[in-house]
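**Student:** Please find one structure pasted underneath; my questions will follow.
The values are calculated or read from the model by the stated rules, or taken from the named source; none is laboratory data. Source: prediction; values computed, not measured. A quick note on method: Cβ atoms are made from the backbone with ideal geometry, for glycine too, and the neighbour counts reach across all protein chains shown. Ligands, DNA and RNA are excluded from the accessible area calculation, which covers all protein heavy atoms including side chains. Shrake-Rupley method; radii C 1.70, N 1.55, O 1.52, S 1.80 Å.
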Amino acid sequence: MEEEQKLVKGTTNLEGSESEAKLELTVDEVVEEYVGSLGFSQMVHVFLVSLAWIFDAQSTLATIFSDAQPPAWRCKTGLCHGNNNSTGSVCGLVPGTWEWVGGNTSSIIAEWNLVCDRRFLAAVPASVYFLGSLIGSGVYGHLSDSWLGRKKTVQLSCILTSITAFATSLSPNIWTYVFFRFANGFTRSGIGICCLVLTTESVGRKWRGQVGQYGFFFFTIGFLTLPLVAYPTRTCWRNLYKLLSLLPLAYSLLLLPLVSESPRWLLIRGRDKEALQVLDRFARLNGKKKLPNNLTLVNPCGSSCDETSPKNNKENLWTTKWAAIRMVTVMLAGFGVGFVYYGVQLNVENLNFNLYVSVAINALMEIPAVVIGTFLLGFTNRRLLLSVSSYIAAVSSILCTFFSHKGGTSKVHNNNSYGGNWGQLIIEAIGFMGASTAFDILYIYCVELFPTNVRNFAVSMLRQAIMLGASVAPLLVVLGRLSPSLSFLVFGVFAISSGVLSIWLPETRNAPLYETLKQQEEEEKHSWMSQNDCALEMGK
């Protein structure tokens with residue numbers, strides 16, 4: 001029966017002209033039967049696309065250094081010793097009688113004096129950055145699913161990220177800096193969502209989870225290399241942003257043109273020939289034979305699926321009940337995961353360790369998170385992985401409260417000492433590994449939960465929820481300077497909630513990638529009924 005659907009027989013004449021049978025296959029079938037589930041061409045494709053995650057990480061986490069509270073201050077010769085300063089804080093000192101050890105340009109806090117009654121202003125740039133990412137995710141998600149496509153959206157995002165990062169380095173005051181951080185968050189938000197979809201849509205179903213994880217590995221590289229970029233610029237935070245503005249521009253102009261557009265997106269836009277060309281190029285680079293001349297791709301949205309008015313665009317995720325419920329559940333889980341994942345990273349300054357060492361250790365913990373996630377995704381249910389990793393993050397965060405002490409202004413003193421607690425650092429690192437695993441798994445899970453015609457939009461909505469959670473986290477980090485135990489406790493509660501929410505999501509391991517909402521609804525309903533029939537038969 002299945003073969004009859006694939007093969008539409010024609011007539012054959014003696015001259016052999018246009019007589020062979022018409023072969024109709026889905027993109028999944030072409031990839032599995034003719035291209036290869038994961039060959040050399042797809043690995044190169046995935047590598048080139050995933051490089052953009054490096055800039056995404058560096059742009060997102062640059063505030064760990066540029067917005068950090070300087071570790072030490074000192075009195076100007078003979079000026080502040082007579083002041084009442086029993087707490088070791090600069091708040092009781094007369095302005096002008098003290099100075100930061102690293103200089104006034106080491107961070108925005110030092111340059112614009114964001115301490116004491118102005119301390120919460122230090123959280124505003126990071127918060128609005130994530131709010132910009134939240135808004136940008138929706139815009140880029142729509143653009144990449146509609147007329148712009150995945151590849152061009154990544155290119156646009158990289159170029160604008162470079163421009164806004166350089167503009168950030170020129171900020172004359174805190175409010176201009178806040179504006180450009182918002183703009184930078186908005187412009188970079190197209191990188192992650194489109195890179196994830198662009199890589200997973202080019203491989204077979206067996207490798208989707210692992211390929212999605214590769215992008216997070218490059219995000220880890222960006223995180224891990226950030227201290228190496230930040231350390232030489234430690235005396236001037238503006239130079240950090242100038243350096244970070246160069247890489248995405250070079251990538252978008254030199255490497256991204258070598259990347260192919262998603263054949264799935266081309267197909268649902270009615271660009272069947274271009275989709276076949278991409279698949280044929282993948283096949284030949286994999287050492288396979290040229291695709292059959294009589295091969296055509298099954299268009300999931302029918303004959304009315306063309307570039308100007310595709311039928312699939314009439315399908316709306318929010319007006320389809322099952323998809324809307326699923327999307328809300330994913331977004332609620334994403335809010336908690338984003339709050340914990342980014343919050344724990346930004347909260348490293350409250351560990352009372354050297355900032356560069358703390359960031360490096362947290363970045364290193366991303367590596368086992370990616371490796372473990374990649375390994376387990378091959379044979380473990382997505383729902384189980386998401387919940388377990390969330391619970392690990394929750395338990396670790398709660399345990400950190402027992403090692404915490406009141407921070408106050410203890411980091412701002414004359415002795416540049418970092419006593420810290422190795423027990424707390426190790427537990428925090430394990431918790432961050434759990435949060436990182438949950439973060440990675442949730443993105444892969446979201447890609448598999450929704451069909452091609454709304455997949456990028458769904459991932460962008462998840463991204464918005466994650467960014468909303470991340471935008472709240474900097475406020476808790478600033479509060480953590482006064483009460484570290486409270487910040488860790490809140491992180492634990494949100495991690496637990498994300499793990500519990502996974503109960504209401506269906507399992508997607510080894511499930512096909514559907515093309516339209518209608519197709520997915522029918523196929524999942526048929527699959528559910530088949531499973532019930534099998535259960536009834538076994539019960540008899």
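**Student:** Is it fair to say Tyr177 is over 25 Å from Phe450 (Cα atoms) and not polar (S, T, N, Q)?
**Tutor:** Yes; evaluated as a whole, the condition is true for this residue.
**Student:** Right, another one. What pairs come out if I take residues in the stretch 501-522 that are at positive phi and pair them with residues that are outside any loop (DSSP other than H, G, I, E, B) and open to solvent by 70 Å² or more (accessible area, probe 1.4 Å) whose C-beta lies under 7 Å away, six or more apart or interchain?
**Tutor:** Listed by first residue and then by second, the contacts come to Asn510/Arg205.
**Student:** Considering only the stretch 500-517, state which residues are among the aromatic types (Phe, Trp, Tyr) and crowded, with 21+ Cβ neighbours inside 10 Å.
**Tutor:** Tyr514
**Student:** Here is a follow-up. Would it be correct to say that Ile135 is at pLDDT 75 or above, more than 24 Å from Arg238 (Cα to Cα) and either under 33 Å from the mean Cα position of the chain (by Cα) or not aliphatic (A, V, I, L, M) (or both)?
**Tutor:** Considered against the rule, which asks whether it is at pLDDT 75 or above, more than 24 Å from Arg238 (Cα to Cα) and either under 33 Å from the mean Cα position of the chain (by Cα) or not aliphatic (A, V, I, L, M) (or both), Ile135 comes out as yes.
**Student:** I'd like to verify a number: residues in the stretch 195-223 that are touching a Pro at 6+ places or on another chain (Cβ under 8 Å) and either charged (D, E, K, R) or over 18 Å from Leu255 (Cβ atoms) (or both), how many?
**Tutor:** Residues that pass the stated criteria total 2.
**Student:** Something else now. Are there any pairs, at least 6 apart or on different chains, whose C-beta atoms fall under 7 Å, with the first in the stretch 91-112 and open to solvent by 20 Å² or more (accessible area, probe 1.4 Å) and the second in a strand (DSSP E or B) and among the basic types (Lys, Arg), and if so, which?
**Tutor:** Filtered contacts from the stretch 91-112: Trp98/Arg74; Glu99/Arg74; Val101/Arg74.
**Student:** Something else about it: Given the conditions (1) under 23 Å from Ser169 (Cα atoms); (2) open to solvent by 10 Å² or more (accessible area, probe 1.4 Å); (3) within 16 Å of the chain's Cα centre (by Cα), and given that Leu228 satisfies all but one, which numbered condition is not satisfied?
**Tutor:** The one condition Leu228 does not meet is (3).
**Student:** A further question on this structure: Condition first: buried (at least 18 other Cβ atoms within 10 Å of the Cβ), touching a Leu at 6+ places or on another chain (Cβ under 9 Å) and within 13 Å of Ser59 (Cβ to Cβ). Now tell me which residues in the stretch 134-165 satisfy that.
**Tutor:** Cys158, Thr161, Ser162, Ala165
**Student:** On to the next question. Here is a list: Asn239, Asn286. Which entry is farther than 26 Å from Leu160 by Cα and among the polar types (S, T, N, Q)?
**Tutor:** Within the list Asn239, Asn286, the selection yields Asn286.
**Student:** Can I ask one more? From the residues in the stretch 21-50 that are surrounded by fewer than 21 Cβ atoms within 10 Å (Cβ to Cβ), under 20 Å from Phe216 (Cα atoms) and out of contact with any Leu (no Cβ under 8 Å at 6 or more places or on another chain), which one is modelled with the lowest pLDDT?
**Tutor:** Leu38
Here is a yes/no grid of residues against (1) under 13 Å from Asn173 (Cα atoms); (2) at pLDDT 75 or above; (3) in a loop (DSSP other than H, G, I, E, B); (4) under 31 Å from the mean Cα position of the chain (by Cα):
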{"residue": "Gly88", "(1), (2), (3), (4)": "no, no, yes, no"}
{"residue": "Gly96", "(1), (2), (3), (4)": "no, no, yes, no"}
{"residue": "Gly102", "(1), (2), (3), (4)": "no, no, yes, no"}
{"residue": "Thr105", "(1), (2), (3), (4)": "yes, yes, yes, yes"}
{"residue": "Ile109", "(1), (2), (3), (4)": "yes, yes, no, yes"}
{"residue": "Leu114", "(1), (2), (3), (4)": "yes, yes, yes, yes"}
{"residue": "Asp117", "(1), (2), (3), (4)": "no, yes, no, no"}
{"residue": "Phe120", "(1), (2), (3), (4)": "no, yes, no, yes"}
{"residue": "Pro125", "(1), (2), (3), (4)": "yes, yes, no, yes"}
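Residue by residue, here is whether (1) more than 20 Å from Thr374 (Cβ to Cβ); (2) open to solvent by less than 10 Å² (accessible area, probe 1.4 Å) holds:
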{"site": "Leu198", "(1), (2)": "no, yes"}
{"site": "Gly215", "(1), (2)": "no, yes"}
{"site": "Ile221", "(1), (2)": "no, no"}
{"site": "Trp237", "(1), (2)": "yes, yes"}
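The rows are residues; the columns are (1) in a helix (DSSP H, G or I); (2) of a type in the set (Val, Ile, Thr); (3) at pLDDT below 85; (4) open to solvent by 20 Å² or more (accessible area, probe 1.4 Å).
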residue: Tyr341; (1), (2), (3), (4): yes, no, no, no
residue: Glu349; (1), (2), (3), (4): yes, no, yes, yes
residue: Ala363; (1), (2), (3), (4): yes, no, yes, no
residue: Arg383; (1), (2), (3), (4): yes, no, no, yes
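**Student:** I'm trying to understand the selection: among the residues of the stretch 290-300, which are in contact (Cβ under 8 Å) with a residue 24 or more places away in the chain and more than 29 Å from the chain's Cα centre (by Cα)?
**Tutor:** Hits for the stretch 290-300 are Leu291, Pro292, Asn293, Asn294, Leu295, Thr296, Leu297, Val298, Asn299.
**Student:** Sticking with this structure for a sec: Which residues, counting only those in the stretch 270-300, are open to solvent by less than 20 Å² (accessible area, probe 1.4 Å) and in a loop (DSSP other than H, G, I, E, B)?
**Tutor:** Leu291
**Student:** Is it the case, given these coordinates, that Ser171 is surrounded by fewer than 24 Cβ atoms within 10 Å (Cβ to Cβ) and more than 23 Å from Ala369 (Cα to Cα)?
**Tutor:** yes
**Student:** Taking the options Arg264, Arg281, name whichever one is of a type in the set (Lys, Arg) and at pLDDT below 90.
**Tutor:** Arg264
**Student:** Now for a separate question. Based on this model, can you work out whether Arg181 counts as assigned to a helix (DSSP H, G or I) and either touching a Leu at 6+ places or on another chain (Cβ under 6 Å) or surrounded by 19 or more Cβ atoms within 10 Å (Cβ to Cβ) (or both)?
**Tutor:** yes
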